[in-house]
Each structure stands twice: as C-alpha cells, then as structure tokens.
Amino acid sequence: MRLVIAALIVGIAPTPAGGVRSPRARAQCAAPAVRQSIPASGEAHVPTTTLLRARYEPPARHEGEPVRIAVDAERPTAIEAWFDAAESTLYARAPLAAGRLHTLWWPGLRARGGIERGTGQAVSFVVADLGSDGPPSLDAIDAVRWDVRRTPDPCVRDRVERYEFDLTLSGLHDETPGLLEVYVFATDGPGVRRDGTPRLLDVARPVASNVRVSLPREEALGRVCFVAAALDASGQWSPTTAPACTTTLRPPFFAGCAVLPFARGRPGARRLSAVLVLVLFWIGVGRRRGAIVPHPERSMLQPIDDGTTYPIITRFFGGMAAASTCRV
C-alpha cells in the first residue's frame with residue numbers, strides 16, 4: 001500500500017502554520033497556574049485530617065507567598081505552608097472544623113526566572129467529621145495504552161507532539177476516593193537517569209481507576225516503564241506498584257484531505273482526486289480498526305490536525321491532473 005501512495009504522490013510542498021505569540025500566550029508561558037488542588041472547590045466531605053495542597057504548572061517557585069483560609073464568614077488568616085519544588089506543589093496545614101464551610105486562597109506564583117505572577121485560586125469546601133482509617137490501597141498497573149497527539153503550546157509558535165499514556169490501575173481504594181491522587185514515576189525510558197532513579201512524571205486524579213500521563217516525544221519514544229503510588233487526603237501512601245512497560249513508535253500522520261482539481265470542470269481530474277482521497281481514507285480506517293497495524297498497541301495512522309497544509313500532487317493521467325490538500 002505504501003507503494004500505491006508513492007506512485008500517486010509526485011511532490012509535497014509544506015506550508016507551516018504558526019505565528020507570533022500574543023501577549024496573553026507569553027503570559028501563560030511565563031506565569032504558572034494552579035493545575036489542581038486538594039480539596040477541589042465544592043467538595044462536601046473533606047476529612048478533618050486533610051493535608052491541603054495545590055499543584056502548579058512547572059517550573060514554579062515559592063517566595064513566601066502566604067496561604068490564607070477563612071471559616072464561614074470569619075476573617076481570613078495565614079496558615080503554615082511549604083513548597084516542594086520537585087513536585088511543583090504548595091502544601092499547607094490548618095485546623096479544620098467539622099460541619100463548617102472553609103474557603104482557602106492559594107497564591108499566584110512566578111516561574112523560575114520569570115517575572116509574571118500567575119493567578120491564584122480560591123476553593124471552598126465543607127469539612128466532615130471524618131478521620132483516616134489507614135493508607136489507600138493500590139495493587140498494580142494492569143495495562144498501558146498510548147497515543148500521539150499534536151496540541152497547541154502557548155510557549156512556541158507551532159503545535160507540539162506529545163505522547164499520552166493511559167494507565168489502568170487495579171486495587172485502587174480509599175475511604176475518600178474523590179480526594180485521592182496517583183503519583184506516576186518512570187523507571188525506564190529516555191528521561192530516566194542511568195542509575196535507574198525513578199523520575200516523577202505527573203500527579204493525577206484517577207478517573208474510574210485510570211490515569212493519563214502526557215510526555216514530550218524526547219521523553220517517550222521507545223521503551224518506557226511506569227510505577228505508581230496513591231496518596232490519600234491525609235497524606236498517607238499506598239505501596240508502590242511493580243513496573244509496567246510499553247514500547248512506543250514514531251508513526252506517520254494523516255488528518256484528512258480536500259479535493260483541489262487543477263483542471264476545473266474536467267471530470268477526469270475530479271475522479272482521480274476522489275480515488276486518491278478514498279485510498280487514503282481506506283488506509284486510515286483500516287489501520288484504526290487494527291486490520292493492518294504492525295504494532296498491537298496502537299494504530300499507525302491517526303487523524304491529527306495541526307493546521308499545516310500539504311498540497312499533494314498526483315501524477316498526470318490521461319492528460320488530467322488533480323491535487324488534494326492534506327494536513328499532516
């Protein structure tokens with residue numbers, strides 16, 4: 001089938017997308033935002049022993065900005081807080097009163113070497129008379145599935161290629177599952193040190209016993225192994241899982257085509273363009289269904305739309321010519 005494509009295609013002339021970054025995009029790049037917090041706003045059953053924490057987009061730095069909390073309509077007061085730079089996480093402790101509404105203000109932080117300060121976040125939650133009955137449980141990573149996406153990045157002019165790993169967890173349990181976080185580490189792969197020290201990749205809130213980790217291509221291409229551990233609301237850890245591994249590939253991408261006949265009004269040109277589009281569509285559908293996939297874990301041909309246009313010119317046939325524009 002690759003020979004069919006090679007016979008149809010004569011030349012490719014890319015027209016890259018992208019432009020000058022806007023002031024808003026530059027500010028997003030320079031100022032880290034709060035990614036997630038424990039507890040999240042609206043939580044109604046927060047234990048009195050909860051370790052308060054907010055995770056910022058890395059790399060963030062804490063320069064003593066205060067964390068404040070208010071109970072019901074009382075005046076906000078500053079509470080004890082400390083920052084973990086490796087996790088890009090701000091932690092805090094405060095006495096929590098059962099049955100009362102608490103409002104917590106996480107401060108805006110600056111990036112390392114940055115000037116712009118990010119926006120903070122205010123969360124409101126209700127505390128319940130709950131303690132901790134022990135650490136959470138987590139047995140294993142049962143499956144690792146991966147895909148490749150090209151997504152906009154406010155820090156660059158173009159979209160970036162990222163590998164997304166979906167980890168299916170077994171035996172994940174806690175008394176307050178809505179306040180559970182899963183730490184995912186890499187134990188083998190391009191981004192792991194030679195001495196084998198596990199590298200923290202992400203801290204995610206599980207959804208139906210699944211977590212997703214997104215990595216740039218340079219940290220994800222090839223063999224990658226993961227381990228995971230769960231952290232409950234009170235700051236207690238589950239056992240760490242055994243490694244689960246997968247091997248990623250660098251696939252080609254086609255995002256669909258639009259027919260552009262060179263000879264307008266000539267039915268032969270339109271027919272030839274339609275044949276090319278149908279061939280590409282058939283290959284994409286077949287690969288997505290797993291009919292001709294050389295690797296069992298993913299499709300080699302996925303629709304990716306990054307806005308880059310490539311006019312693909314078919315060879316002349318019977319004096320007619322046609323072209324289609326494909327985004328790759």
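The values are calculated or read from the model by the stated rules, or taken from the named source; none is laboratory data. Because the structure is a prediction, the values reported are computed rather than measured. Using ideal geometry, Cβ is built from the backbone for each residue, glycine included, and neighbour counts are taken over all protein chains shown.
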Practice problem: Would you mention how many residues in region 31-58 are touching a residue at least 24 places away in the same chain (Cβ under 8 Å) and assigned to a strand (DSSP E or B)? | Solution: 10
Practice problem: Residues being within 19 Å of residue 140 (Cα to Cα), out of contact with any Phe, Trp or Tyr (no Cβ under 7 Å at 6 or more places or on another chain) and crowded, with 18+ Cβ neighbours inside 10 Å: count how many of those fall in region 203-225. | Solution: 5
Self-check item: Residue check for residue 192: closer than 15 Å to residue 244 by Cβ, free of Cβ contacts under 8 Å to residues at least 40 places away in the same chain and among the β-branched types (Val, Ile, Thr)
Solution: yes
Self-check item: Number of the condition not met by residue 128 [criteria: (1) more than 24 Å from the chain's Cα centre (by Cα); (2) under 25 Å from residue 173 (Cβ atoms); (3) free of Cβ contacts under 8 Å to residues at least 60 places away in the same chain]
Solution: (3)
Quiz prompt | Residues of region 84-97 satisfying the condition of being assigned to a loop (DSSP other than H, G, I, E, B) and surrounded by 15 or more Cβ atoms within 10 Å (Cβ to Cβ) | solution = 87, 88, 94, 96
Quiz item: Counting just the residues of region 44-83 that are surrounded by fewer than 16 Cβ atoms within 10 Å (Cβ to Cβ), aliphatic (A, V, I, L, M) and modelled with pLDDT under 95, which one comes out nearest to residue 129 (Cα to Cα)?
Solution: 44
Exercise. Answer yes if at least one residue in region 59-75 is in a strand (DSSP E or B), of a type in the set (A, V, I, L, M) and closer than 24 Å to residue 201 by Cα, and no otherwise.
Key: yes
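Conditions (1) within 21 Å of the chain's Cα centre (by Cα); (2) assigned to a loop (DSSP other than H, G, I, E, B); (3) surrounded by 17 or more Cβ atoms within 10 Å (Cβ to Cβ), marked per residue:
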site	(1), (2), (3)
99	no, yes, no
108	no, yes, yes
142	yes, no, no
161	yes, no, yes
184	yes, no, yes
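Select from region 57-78 the residues that are of a type outside the set (Gly, Ala, Ser) and either out of contact with any strand residue (DSSP E or B) (no Cβ under 8 Å at 6 or more places or on another chain) or not assigned by TED's automatic domain parsing to the domain that holds residue 120 (or both) and list them in ascending order.
58, 65, 74, 75 - these are the residues of region 57-78 that are of a type outside the set (Gly, Ala, Ser) and either out of contact with any strand residue (DSSP E or B) (no Cβ under 8 Å at 6 or more places or on another chain) or not assigned by TED's automatic domain parsing to the domain that holds residue 120 (or both).
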Exercise. State which residue is modelled with the lowest pLDDT when the search covers only region 125-136 and only residues that are at negative phi and loosely packed, with under 14 Cβ neighbours inside 10 Å.
Key: 131
Quiz prompt | Residue among 99, 108, 134, 178 that alone is out of contact with any Leu (no Cβ under 9 Å at 6 or more places or on another chain), closer than 18 Å to residue 59 by Cβ and not acidic (Asp, Glu) | solution = 108
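So that you can scan it fast, the table gives a plain yes or no per residue for (1) at pLDDT 90 or above; (2) out of contact with any Lys or Arg (no Cβ under 6 Å at 6 or more places or on another chain); (3) of a type in the set (D, E, K, R); (4) not assigned by TED's automatic domain parsing to the domain that holds residue 203:
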{"site": "89", "(1), (2), (3), (4)": "yes, no, no, yes"}
{"site": "111", "(1), (2), (3), (4)": "no, yes, no, yes"}
{"site": "150", "(1), (2), (3), (4)": "no, no, yes, no"}
{"site": "154", "(1), (2), (3), (4)": "no, yes, no, no"}
{"site": "159", "(1), (2), (3), (4)": "no, no, yes, no"}
{"site": "165", "(1), (2), (3), (4)": "yes, yes, no, no"}
{"site": "169", "(1), (2), (3), (4)": "yes, yes, no, no"}
{"site": "176", "(1), (2), (3), (4)": "no, yes, no, no"}
Quiz item: Just one of the numbered conditions (1) more than 22 Å from the chain's Cα centre (by Cα); (2) under 30 Å from residue 249 (Cα atoms) is not true of residue 122; which one?
Solution: (2)
Quiz prompt | Tally of residues being surrounded by fewer than 18 Cβ atoms within 10 Å (Cβ to Cβ) and either of a type in the set (Lys, Arg) or part of a loop (DSSP other than H, G, I, E, B) (or both) across region 163-182 | solution = 2
